[in-house]
Every structure is written in structure tokens, then in C-alpha cells.
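Please read the structure below before turning to the comments.
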Amino acid sequence: MKRIHFFIMAIAVVFATSCNFTEEITINEDGSGKLSINFDGSELMEMAGEEMMKDNEKAVDSLISFKDILEEKKDSIAQLSPEEQAKLKKLERFNMHMLMDPEAKQMKFDLFSEFKNVNEVNDAFNAFQSASTLGPNSNQGNQPKIGGEEPTTEVNYNYSGNTFSRTAKIIDQELFQQSIDSLQGAEMFLSGSTYTLKYHFPKRVKSASAEGATFSADGKTLIYEVKFLDLMKDPSVLDLEVELEN
């Protein structure tokens, strides 16, 4: 249980400070594949590591199955509203590799899931954020917390034939504007943070809508990076359409 507590504390730190993410998708010929959202917060651990060491937090290198956690907490989850249960249900298909070592100043997360069709992992980034709602507080007998901010955007993937797309939309304009306003005090701190797409396709890319994208030597991998702050202000900056060769 302490491992889960450490994980939740770490997620809270990630979303309160500077962050660099890589969203990586591998798509096979039949449309199946794997999605991974990777966070390397080793630079962040330079600041937080000493505080964690004061709390005698030990190094953690583990694989977390959200399906197992949801099963473990099924009785308390059943007391939540249907909407809140549905939010947690979205985590079921994901696993996370977590590496945190305060002494070595390492902090890495990798949220990942395999899929038969890429639209099965729509809105994975919100799933990453929702992971922090599994706060155990088990020693007080409390139910999982759903007290974090509600999602303001959603991301959808589609792969059909030789065409792939990634589209984002704002689902709550009022909450989205509130989140933009809350960034004002953190803009300087977040200015160096990035969000990178790294997509591996089964065929060479014929065309892509992202003008700043780069490609691997074989033309099958697309890499596109934006400033994290730009993404927070306008989720459509990572909208992407890719056409593959026949």
C-alpha cells in the first residue's frame, strides 16, 4: 500500500511542476499496437529528492497494474457515483512502470497499454492524470478520491487504411479557461517543458499535416515536439493527419 501512496504523491508532484512528456504509439500492419506516455522527471527529482529522503522514502522500481488496484478497491469504488466509477474504469486497461529513486535523483513513469485498434486508448493523457484519484487513505477506511480537476479536453485517435489522425477538443470551455488562468503564475517555470509525439507506422509516411515534424531514415517514424505550455493553452496544436504510402 505504501507503494501506491508513493506513486500518488509522485503524480501530484509531476502535475504541479515542470514536465516533459513523450507520447509514443506503435501501429502494426493489422492496426494493433501499443501506446505509451512517458515522463522523465529526473530534473524535477533534483529539487524534490532531498525532501523525499527526509521522509525516508525508499527507491521504487515497480510495475503497477491498474486493473489489480481497481479490483483491490472494488468495494469502495462501488460506493462512488456511476460517473466517477466510469472515470476510474478507463484506467483498467493501463499499466505503469514507475521508477523513483530520491538518492539517485531519478523519476520516470511509463503509462502504457496494448490495443487492437488505436481508438481503444483514446484520451490516454487524461487517464494518466486520473491515476492520482486512486488515493488509498486505506488506514482511515476512506474511499478513493475523485477530487482532482475534471478533464477539460479529450484526445481521439483514428487509424483506417493508410490514414492516421490525432484530434483534440475542449469539452468544458469554462473549466478550460480556468485552467488557462491558473497557468499565469507558472508560465516562466513551464516555459522549458515539452510534449513530444513519437509515432511508428507500418509503412512510410507519404504526408503529414505537422510542418515541423521530423522523420526517421526509413520514413516510418514521425517525431513532433511542441512546448507544453502551448499545448495547455491550445490542445489543437498537436492535431495531426498522416497519410501513409500504399
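The values are calculated or read from the model by the stated rules, or taken from the named source; none is laboratory data. What you see is a predicted model; the values in this text were computed from it and never measured. Cβ coordinates were reconstructed from backbone atoms using ideal geometry, including for glycine residues, and neighbour counts include every protein chain displayed. Note: areas computed on protein heavy atoms with side chains; ligands, DNA, RNA excluded. Shrake-Rupley method; radii C 1.70, N 1.55, O 1.52, S 1.80 Å.
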Filtering the range 203-230 down to residues that are at pLDDT 95 or above and open to solvent by 70 Å² or more (accessible area, probe 1.4 Å), which residue is nearest to S179 (Cα to Cα)? E225
Do we find a residue being surrounded by fewer than 17 Cβ atoms within 10 Å (Cβ to Cβ), touching a Leu at 6+ places or on another chain (Cβ under 7 Å), in contact (Cβ under 8 Å) with a residue 40 or more places away in the chain and more than 30 Å from F201 (Cβ to Cβ) anywhere in the range 61-78? yes
Considering the range 186-226 alone, what residues qualify as being β-branched (V, I, T), out of contact with any helix residue (DSSP H, G or I) (no Cβ under 7 Å at 6 or more places or on another chain) and either without any contact (Cβ under 8 Å) to a residue 60 or more places away in the chain or more than 17 Å from S36 (Cβ to Cβ) (or both)? V205, T214, T221, I223
Count of residues meeting criterion [within 25 Å of E83 (Cα to Cα) and either among the acidic types (D, E) or surrounded by fewer than 15 Cβ atoms within 10 Å (Cβ to Cβ) (or both)] in the range 159-169: 1
Please verify whether the range 142-149 includes one or more residues that are modelled with pLDDT of 80 or more and open to solvent by 30 Å² or more (accessible area, probe 1.4 Å). no
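When only residues in the range 170-188 that are of a type outside the set (A, V, I, L, M, F, W, C) and surrounded by 12 or more Cβ atoms within 10 Å (Cβ to Cβ) count, which is nearest to K116 (Cα to Cα)?
Start the filter on the range 170-188 by keeping residues that are of a type outside the set (A, V, I, L, M, F, W, C), which leaves 172-174, 177-179, 181-182, 184-185, 187.
Okay, now just the ones that are also surrounded by 12 or more Cβ atoms within 10 Å (Cβ to Cβ), so 172, 177-179.
Details: D172: 30, Q177: 35, Q178: 36, S179: 34 Å.
This residue is D172.
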Restricting to the range 189-202, give me the number of residues that are loosely packed, with under 15 Cβ neighbours inside 10 Å and either closer than 16 Å to D40 by Cβ or basic (K, R) (or both). 1
Looking at the range 151-175, I want the residues that are without any contact (Cβ under 8 Å) to a residue 40 or more places away in the chain and have a partner that is of a type in the set (A, V, I, L, M) and open to solvent by 60 Å² or more (accessible area, probe 1.4 Å) with Cβ atoms under 9 Å, at least 6 apart or on another chain. Which pairs are those? P151/I171; T152/I170; T152/I171; E154/I170; E154/I171
